[in-house]
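Step one of this worksheet: look at the structure below.
Since every read-out is calculated from the coordinates, none of them should be taken as a lab result. Please read all numbers here as calculations on a predicted model, not as lab measurements. Cβ placement follows ideal geometry from the backbone for every residue including glycine, while neighbour counts extend to all protein chains displayed.
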Amino acid sequence: MHFNPYGGAAAELAVRLVNAAPDQDLGRLLAESDYKPLSRIDARQDAELRRWIRELDAVFSNPSVDMLNALLAKTTSRPYISTHDGRAPHLHYSELTAPADERVKAYTAFGLATLFCEDSTRIGRCAREGCPTVFVDTSRNGKRRFCSTKCSTRVHVAQHRQRRPS
Ligand SMILES: [Zn+2]
Ligand SMILES: [Zn+2]
């Protein structure tokens, strides 16, 4: 997969994993994200990926050089160029034959690290209190604060009510 601006598909996959519901089928999420090659996710890999999701979540809360270096250090990364599935040459961060959880860990760690180096302020979490949703801010001005218009509307309506004299 390619690294487009702002961490590209790898950072977006990290976002989708963190935003996944606790009972969401991770194999299906990876397939829907066009993650390739994808082998079956067994119970051990599923448990490991869910543990990893908590680590990714912590990075969105507090993105820093130390946090991301710690994340990268936990992967079994060996970068090389691949052309699998007819795709254009692109970097891989783990062997194709490695278990899916290991590959997803290396991929998402590098995605977030790339995004951090490009523009750390684009690693975002919704500013509405109580909303845990994370996102990559790909807006032109880089000032996105909410996960959705639904959340921004709720906050603005609440602020408007507060300003109104009672
Ligand atoms: Zn690939
Ligand atoms: Zn939100």
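Couple of notes before you dig in:
- Pairwise FRET efficiency - V157 versus T97, Cβ, R0 = 45 Å, nearest 0.05: 0.30
- Residue order, fewest to most surrounding Cβ atoms within 10 angstrom, among R125, R51: R51, R125
- Relative contact order (%) - criterion: Cα under 8 Å, at least six apart; region: segment 5-119: 39 percent
- A Förster radius of 25 Å, combined with the Cβ-Cβ distance separating R51 from E118, puts the computed FRET efficiency at roughly 0.40.
- At a Cβ-Cβ separation cutoff of 4.7 angstrom, cysteine residues of the chain with no neighbouring cysteine are C117, C151.
- Per-residue ³J(HN,Hα) for segment 46-52, Karplus 6.51 cos²θ - 1.76 cosθ + 1.60, θ = phi - 60°, Hz, x for Gly and Pro: 4, 5, 5, 5, 5, 5, 5
- In this simple spin-label model, placing a label point 7 Å from the Cα along the Cα-to-Cβ direction at both A70 and A43 gives a separation of 3.0 nm.
- Each helix, a run of at least 4 DSSP H residues, gives -39500 (n - 2.57); summed and divided by the residues of the chain, these come to -16000 deg cm²/dmol at 222 nm.
- Paramagnetic reach from R145 (point 7 Å along Cα→Cβ, amide N under 19 Å) across segment 36-65: 61-62
- Fraction of alpha-carbon pairs over 29 Å apart in the chain - percent: 23 percent
- Test item: Cα-centred dipole of the chain, Lys/Arg +1 and Asp/Glu -1 on Cβ, debye: 940 debye
- Distant-in-sequence amide contacts of H90, defined by a placed amide H-H separation under 5 Å and a gap of 5 or more residues or a different chain, comprise S82.
- With neighbour counts taken as other beta-carbon atoms within 10 Å, the residues T108, T75 rank, fewest first, as T75, T108.
- Each part gets one Cα centre, and for segment 1-68 versus segment 109-126 those centres are 14 Å apart.
- Radius 11 Å from Cβ of D42, net charge of other residues (Lys, Arg +1; Asp, Glu -1): -1
- By other beta-carbon atoms within 10 Å, ranking D42, D66 with the fewest at the front produces D66, D42.
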